[in-house]
Amino acid sequence: MTRGTADWGAMIRESGIAALVALVLALPLAGVRLSDGGGTGLELRPWWVVIAVAAVFAGRFVLGLWLGMRGRGGSGAVPWFDRAVTRMTPHKTLLLAVFFVAVAILPLTPLADRRTVDLTTLVMIYVMLGWGLNIVVGLAGLLDLGYVAFYAVGAYSYTLLAIHFDLGFWTCLPLAGAFAALFGVLLGFPVLRLRGDYLAIVTLGFGEMIRIILINWSSLTGGSEGITRIPAPSLFGLQFTANPGAGETAFHQFFGLGFAGIHKLMFLYYIILVLALITHLFSERIRRLPVGRAWEALREDEIASRALGLNPVMIKLSAFGLGAMFAGLAGSFFATRQGFINPSSFTFIESAIILSIVVLGGMGSQVGVICAAIVLILLPELARDFAEFRMLLFGGAMVLIMIWRPRGLLAHRAPSVRLGDRGSGAAQGGGP
Amino acid sequence: MSVTAQDVPGGPGVTGADAPQGPMLTVEHLSMYFDGIVAVDDVSFGAERGRITGIIGPNGAGKTTVFNCITGFYRPSVGRIALDHEGGSFLLERMEGFRIARDAGVGRTFQNIRLFPRMTVLENLLVAQHTKLMRASAFSIAGLLGLKRFRDAEDAAVEVARGWLARLGLIPLADREAGTLAHGIQRKIEIARAMCSEPKLLCLDEPAAGLNPRESEELNRLLLGIRSDYGTGILLIEHDMSVVMKISDHVVVLDHGAKIAEGTPEAVRHDPAVIRAYLGEEEGLPEVVAGDIAADTKGEGS
């Protein structure tokens, strides 16, 4: 490679093109602003445009220099990351265990203020949703864009059961899961014959349908105002309230502590931790069972699966149902945590975020979902201070991940069973 | 027409209920139309257990369509496809594809290999034993609880897979992703995968396509081994005359959707209709051509 003036010329040209694109984008985005004073006047901000264009030009130029120095680095892979992943992979279980223990003791450390506990709870809700959707998308290969519908079904079934039938959280939780699973199966039926894009469109429509029903069926769901005063869960009958009703005992009274709001947050934190842990253990286990392998086989090649006697109907429905069940469980947790729900919590963007978590994490990867959830949920929350640039950061992070890791952060797939692990003789049941 | 001893099993009552003799698969008057185009036209033949039945014919003769009808991927327009074995009697033309594989015991492979590319070889062989394992795992409940009954069944399934891999000499590749392996190896694995589902009838769609002569020889040995060790009836579509002629016990020749000949490889090879179908209708050629085909298949066993 001879690197001479021609190279510089090319770099300047590319920077120029980038600057031109920036100019086109910056003119309407940064260059014009509705003036505040109540009128409809436009305020022109030429300097913003100049700054944006100059920044892009300089940035592209520096990027070009850097790439030039590294030598043409190929497809944009990150070698150190790949190496780290390869080295970590055998210790995946250990890593996950360490992660869970760390998360479990987090609220007991001095680090744990209200905000940390709250944020971690939020991330864990999405981790759980990601793991649930992973069953449908990652394992069974069914692109589901309406996953939030089952989240909504779970949230509303808990709320309605709790309010109208006066049932406790722990009774409603499995019921909400069952309802969501039922909805998953119901949705599954009409879309069995669809694949890929078509399936995505229909599931997207289903997600919107649920949301619109929730808005319009106001007699039951309270319409877009939603439902308030959703009861909070109790710990073996101990309430997390400052002044429990007659005949009830509050948590702080029972343990002789002063009342503190954070107790309830920590309790919720541990509930979602346990729920997420259950989701994880369940999906890791079921992946190694015949049904899990059947999901993957169906994802890989439906025709070959049929030829081996796999019933695609049952297999797809079981994936839809189980995936939806976890969304339902997460949904009822969400309802009890918020104490208030309305349909605007269950918009398409939620489905998109959950799907992004699965795709960015690497389809089928459990650890990947955690990483992606941290990036996609924590980052925007932490960046709340830069409110205007939040979505920009979000989009940028996604673009970068897709450039560096097109198959997701952790795309490694561990075989569900290995011949190598099972000595050579006859059955030595050592496997999982 | 040189339709030999094994005549068309047409009449009623030919398929004895549980007699081990007589054809296991009986195809009668099978026709398949696609929007008025006749792909298969009134084809009848039989296939027996423990024997290799070859279906040959030029491109577009309707071989794969016949196959797809038998294995349930197409629903035939006209005709009856009956399968009789210890497991029961089935009318395949009325069954859904996966039931034909699961209940009637018909295994198949595909012309362009269809392994599960991102799963390991061992997993591919375990998916083939899904029905058995699913039952043992009590629809995943016993499996989730890790009960011994399921673990034993899974160990047994792994041993079945190990047996096949050992037979093919592929044990070292067991934990590799199937999609990364060489074409010839994938072919063998696909056959092993079909055999892991313990079929009574194994349908192979051009198994020798894309194999080099050595691999093709290995394939022949594998199929002869399956026939003698498992008594599986094998139905084989092949383009390449040399393969079919060497290992088939019985050959059915299709051309333009119709059966033009049937019989032993020897009889079919000298059948003028077959020669015409393969090489056109030029006058005076048949003798020379017959010689060519014979030369092509020299070294034929038995």
Note to self: Condition (residue is closer than 30 Å to A:GLN239 by Cβ and in contact with a Gly (Cβ under 9 Å, 6 or more places away or on another chain)) applied to segment A:358-380: is it met by at least one residue?
What the structure shows: no
Note to self: Please go through (1) more than 12 Å from chain B (Cβ to nearest Cβ); (2) surrounded by fewer than 22 Cβ atoms within 10 Å (Cβ to Cβ); (3) out of contact with any Leu (no Cβ under 8 Å at 6 or more places or on another chain) for A:HIS280 and return the number of the only condition it doesn't satisfy.
What the structure shows: (3)
Margin query: Whether any residue in segment B:189-203 is β-branched (Val, Ile, Thr), more than 8 Å from every other protein chain (Cβ to nearest Cβ), under 25 Å from B:ASP229 (Cβ atoms) and not in a helix (DSSP H, G or I) is what I want to check.
Written below: no
Item checked: Scan of segment B:137-152 for residues that are in a helix (DSSP H, G or I) and surrounded by fewer than 21 Cβ atoms within 10 Å (Cβ to Cβ), ordered by number -> B:ILE141, B:ALA142, B:LEU144, B:LEU145, B:LYS148, B:ARG149, B:ARG151, B:ASP152
Next item on the list: Mind checking which helices (runs of 4 or more DSSP H) fall wholly inside segment A:294-374 and carry at least 2 residues that are away from every other protein chain (no Cβ under 12 Å)?
Entry: A:312-338, A:348-361, A:366-373
Check: Under the condition of being part of a helix (DSSP H, G or I) and facing another protein chain (nearest Cβ under 9 Å), which residue from segment B:158-176 is surrounded by the fewest Cβ atoms within 10 Å (Cβ to Cβ)?
Finding: B:GLU159
Next item on the list: List every residue pair whose Cβ atoms sit under 6 Å apart, with the two residues 6 or more apart in sequence or on different chains, where the first one lies in segment B:115-135 and is more than 7 Å from chain A (Cβ to nearest Cβ) and surrounded by 24 or more Cβ atoms within 10 Å (Cβ to Cβ) and the second, anywhere, is in a loop (DSSP other than H, G, I, E, B) and at pLDDT 90 or above.
Entry: B:ASN124/B:LEU115; B:ASN124/B:PHE116
Check: Do the conditions hold for A:ASP118, that is, is it in contact (Cβ under 8 Å) with a residue 12 or more places away in the chain and either among the acidic types (Asp, Glu) or not assigned by TED's automatic domain parsing to the domain that holds A:LYS316 (or both)?
Finding: yes
Notebook entry, point to check: What's the number of the condition A:TRP170 fails, among (1) surrounded by fewer than 13 Cβ atoms within 10 Å (Cβ to Cβ); (2) over 30 Å from A:TRP295 (Cα atoms); (3) modelled with pLDDT under 85; (4) of a type in the set (A, V, I, L, M, F, W, C)?
Noted result: (3)
Item checked: Residue satisfying condition, being among the hydrophobic types (A, V, I, L, M, F, W, C) and not in a helix (DSSP H, G or I), within set B:LEU115, B:LEU133 -> B:LEU115
Margin query: Just checking, does segment A:60-70 include any residue being surrounded by 13 or more Cβ atoms within 10 Å (Cβ to Cβ), under 29 Å from A:TYR198 (Cα atoms) and either modelled with pLDDT under 85 or out of contact with any Lys or Arg (no Cβ under 9 Å at 6 or more places or on another chain) (or both)?
Written below: no
Checklist line | Options A:GLY309, A:GLY258; residue that is surrounded by fewer than 20 Cβ atoms within 10 Å (Cβ to Cβ), in contact with a His (Cβ under 8 Å, 6 or more places away or on another chain) and assigned by TED's automatic domain parsing to the domain that holds A:ARG195 | finding: A:GLY258
Note to self: Against the condition in the same structural domain as A:PRO312 (by TED's automatic domain parsing), farther than 30 Å from A:LEU289 by Cα and in contact (Cβ under 8 Å) with a residue 60 or more places away in the chain, how does A:LEU108 come out, does it pass?
What the structure shows: no
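The values are calculated or read from the model by the stated rules, or taken from the named source; none is laboratory data. Source: prediction; values computed, not measured. Cβ coordinates were reconstructed from backbone atoms using ideal geometry, including for glycine residues, and neighbour counts include every protein chain displayed.
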